[in-house]
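Peer 1: Okay, handing you the structure first.
The values are calculated or read from the model by the stated rules, or taken from the named source; none is laboratory data. For clarity, every value in this text was computed on a predicted model and none was experimentally measured. Every residue, glycine as well, gets a Cβ built from its backbone with ideal geometry; the counts of neighbours run over all protein chains shown. Note: accessible area is taken over every heavy atom of the protein model, side chains too, but ligands, DNA and RNA are not part of it. Shrake-Rupley method; radii C 1.70, N 1.55, O 1.52, S 1.80 Å.
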Amino acid sequence: MSIPCQKCKQSPATVHVTDIVPPNGEKRERHLCEECAEGDGITMKQHEPFNSVLAKFVQQKVGPELDEMASTTCPSCGITFREFRAQGQLGCPQDYAVFSKFLVPLLERAHDGLTRHVGKVPVHLAADVEDGSHSELAELQRRLDSAVECEDYESAAGLRDTMKKIQTHAD
Amino acid sequence: MLIDDLAKRPGRWLTQEGPRSDVVISSRIRLARNLENHRFLSRADDSERRHIYRALADAVMECVLGEEALLVSMEETTVLDRQLLVERHLVSRQHAEAEGCRGVAISADESRAVMINEEDHLRLQCLSSGLQLDELWTEINQLDDALEQRVRFAFHEQYGYLTACPTNVGTGIRVSVMLHLPALKLTNEIDKVLRAARDMKLAVRGLFGEGTDAIGDFFQISNQTTLGRSEAEIIEDFGCRVIPKIVDYELAARKSLAQNQPYQLDDRIWRAHGILSNARTIGTEESLFLLSHIRLGIQMGRLKEVSIETANELFLFVQRAHLQKKNSAAMEGEQRSIARAELLRDCLNPSSR
């Protein structure tokens, strides 16, 4: 059973307010409909969902770029970038090159800002690099830098020692 | 080797107790790989899928898994057997429930399982008990090298190993451990710890990976970022820094329970024992929940009547598919609950042994 709004006497009251009135702290109840409550400044109109605000903004500001994104198609597997976004799966290895420009921001978000592979390389490609110790040193240097950045001096010292060993060995 | 052979015993890899196995049940490393010059699976038609399956199944069986290995074509396998593989963590739930030409190759001791045509063409995985990530990396790296002698994987100079989903690109590595954290749960500290893990960009999942609940106080924690850091770095960060810290929190919580609430702790453990050794009908979830407290009691030296091997086995055998395999019959929910209670009584009452 709903009480009618005390102000307009028409719509059902859905906002119920209890005022504590000074000086005696007397309680006074008010029952209002949504519209009247808004008029009295008790409630605020519901905000437009953030997503739709964002979508409108994106549409206006980066519309042309979005069109390019949507229409870019991989010549090898035929997938469009829009299809990829909808299903979350790429269509073939070539997509990484074809969509490179649009993928980088996604990769940054997914991988903590990093977009360049570090680590294992297939045996047949690694053989092309003449001296493996160089890449190993570069990798150790990078880890040393990040350890120092995190103030993890214990690991940093260990990494520095490993690097020294490799360098003396190479000399 | 047949699937039916698997059902009778726990995986051989799980029966050995690994380092820190009081908290770390198991470690797992998996690598995602795709063949070059082939489309990813979302775009591959049936004939390309079959071609990929044959090429990879041959390569995997010949050079990776040894003689007694088992190759399971999921298309030709019953729902019950597929569920059994999920319960043993040999395939993902998604792989079991998907459609089309796909399969898994499993080594005799179940420490290696290679899914073919899951989300990527190849998902290599190595498992071990306890916390043994360095050993697993050495092993899986060698498997990967051996496979690269036979097939060419899609690789890009900047992006590394290419995967169907860009969240796995680069190393394609997922390092995960299954943790048993009952004391953190009992002391209500679990949320705090898991939140900290998530803040460190780690994924926290339940007993069966993606989209499953943490039944029985088991939590699977794994890395999420795969690009821009080397395998060694990811493993070191995870295995030497993150996981030992969580293990220490759990052990501290156990100690605090023993010191501050010994009666309440023993009450939990012994009530669990009481229910499990007397119930006449019981569901999976309740069994796992109570077995968790039993395992806690064993690890803390407060329950000596049950061996850790028995507890570990029960975690597996009370599950749906294992229960039906053991009884050699398809059973409805209610029958299963009765059979489960019987199994638990048999294993937990010394007099009936």
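Peer 1: List the helices (runs of 4 or more DSSP H) that sit entirely inside segment B:225-299 and contain at least 2 residues that are within 30 Å of B:W137 (Cβ to Cβ) and charged (D, E, K, R).
Peer 2: B:231-236, B:243-260
Peer 1: Condition first: of a type in the set (A, V, I, L, M) and either free of Cβ contacts under 8 Å to residues at least 24 places away in the same chain or closer than 18 Å to B:L181 by Cα (or both). Now tell me which residues in segment B:298-313 satisfy that.
Peer 2: Of all residues in segment B:298-313, those of a type in the set (A, V, I, L, M) come to B:298, B:300, B:303, B:306, B:308, B:311.
Scanning segment B:298-313 gives B:I298, B:M300, B:L303, B:I308, B:A311.
Peer 1: Which of the residues belonging to segment A:8-29 are open to solvent by 100 Å² or more (accessible area, probe 1.4 Å) and within 46 Å of the chain's Cα centre (by Cα)?
Peer 2: A:H16, A:I20, A:E29
Peer 1: May I ask you to list the residues in segment A:73-97 that are of a type in the set (S, T, Y), more than 7 Å from chain B (Cβ to nearest Cβ) and under 23 Å from the mean Cα position of the chain (by Cα)?
Peer 2: A:T80
Peer 1: I need a count of the residues in segment B:56-66 that are outside any helix (DSSP H, G or I) and surrounded by 14 or more Cβ atoms within 10 Å (Cβ to Cβ). I'd like the intermediate steps shown before the answer.
Peer 2: Step one: list which residues in segment B:56-66 are outside any helix (DSSP H, G or I), which gives B:64-66.
From what's left, surrounded by 14 or more Cβ atoms within 10 Å (Cβ to Cβ): B:64-65.
Counting residues in segment B:56-66 that are outside any helix (DSSP H, G or I) and surrounded by 14 or more Cβ atoms within 10 Å (Cβ to Cβ) gives 2.
Peer 1: For residues that are hydroxyl-bearing (S, T, Y) and touching a Gly at 6+ places or on another chain (Cβ under 9 Å), scanning just segment B:269-319, find the one that is farthest from B:D217 (Cα to Cα).
Peer 2: Here the answer is B:S287.
Peer 1: Is segment A:59-68 home to any residue that is modelled with pLDDT of 75 or more, among the aliphatic types (A, V, I, L, M) and either surrounded by 11 or more Cβ atoms within 10 Å (Cβ to Cβ) or outside the structural domain of A:V104 (by TED's automatic domain parsing) (or both)?
Peer 2: Looking for residues that are modelled with pLDDT of 75 or more, among the aliphatic types (A, V, I, L, M) and either surrounded by 11 or more Cβ atoms within 10 Å (Cβ to Cβ) or outside the structural domain of A:V104 (by TED's automatic domain parsing) (or both), one finds none in segment A:59-68, hence no.
Peer 1: Okay, moving on. Of everything in segment B:67-82, what is open to solvent by 50 Å² or more (accessible area, probe 1.4 Å) and part of a helix (DSSP H, G or I)? Give them in sequence order.
Peer 2: B:E75, B:E76, B:V79, B:L80
Peer 1: Counting just the residues of segment A:98-127 that are more than 9 Å from chain B (Cβ to nearest Cβ) and not small (G, A, S), which one comes out most open to solvent (accessible area, probe 1.4 Å)? Walk me through it before giving the result.
Peer 2: Applying the first criterion (more than 9 Å from chain B (Cβ to nearest Cβ)) to segment A:98-127 yields A:98-99, A:101-102, A:104-105, A:108-109, A:126-127.
Checking the rest, the ones that are also not small (G, A, S) come to A:98-99, A:101-102, A:104-105, A:108-109.
Numbers: A:V98: 50, A:F99: 0, A:K101: 121, A:F102: 14, A:V104: 40, A:P105: 63, A:E108: 88, A:R109: 159 Å².
By that ranking, first place goes to A:R109.
Peer 1: Let me ask something else. Which residues, taken from segment B:132-150, are in contact (Cβ under 8 Å) with a residue 12 or more places away in the chain and either outside the structural domain of B:D237 (by TED's automatic domain parsing) or open to solvent by 50 Å² or more (accessible area, probe 1.4 Å) (or both)?
Peer 2: Keep residues of segment B:132-150 that are in contact (Cβ under 8 Å) with a residue 12 or more places away in the chain, which gives B:132-134, B:136-137, B:139-141, B:143-144, B:146-147, B:149-150.
Matches in segment B:132-150: B:D134, B:Q149, B:R150.
Peer 1: Of all residues being small (G, A, S) and outside any strand (DSSP E or B) in segment B:98-107, which is least open to solvent (accessible area, probe 1.4 Å)? Just the residue, please. Full working, then the answer.
Peer 2: Here is the first cut: in segment B:98-107, the ones small (G, A, S) are B:98, B:100, B:103, B:105, B:107.
Now drop any that are not outside any strand (DSSP E or B), which leaves B:98, B:100, B:107.
Numbers: B:A98: 40, B:G100: 26, B:S107: 7 Å².
The residue in question is B:S107.
Peer 1: How many residues does segment B:23-55 hold that are part of a loop (DSSP other than H, G, I, E, B) and either without any contact (Cβ under 8 Å) to a residue 40 or more places away in the chain or not assigned by TED's automatic domain parsing to the domain that holds B:Y249 (or both)?
Peer 2: Result for segment B:23-55: 4.
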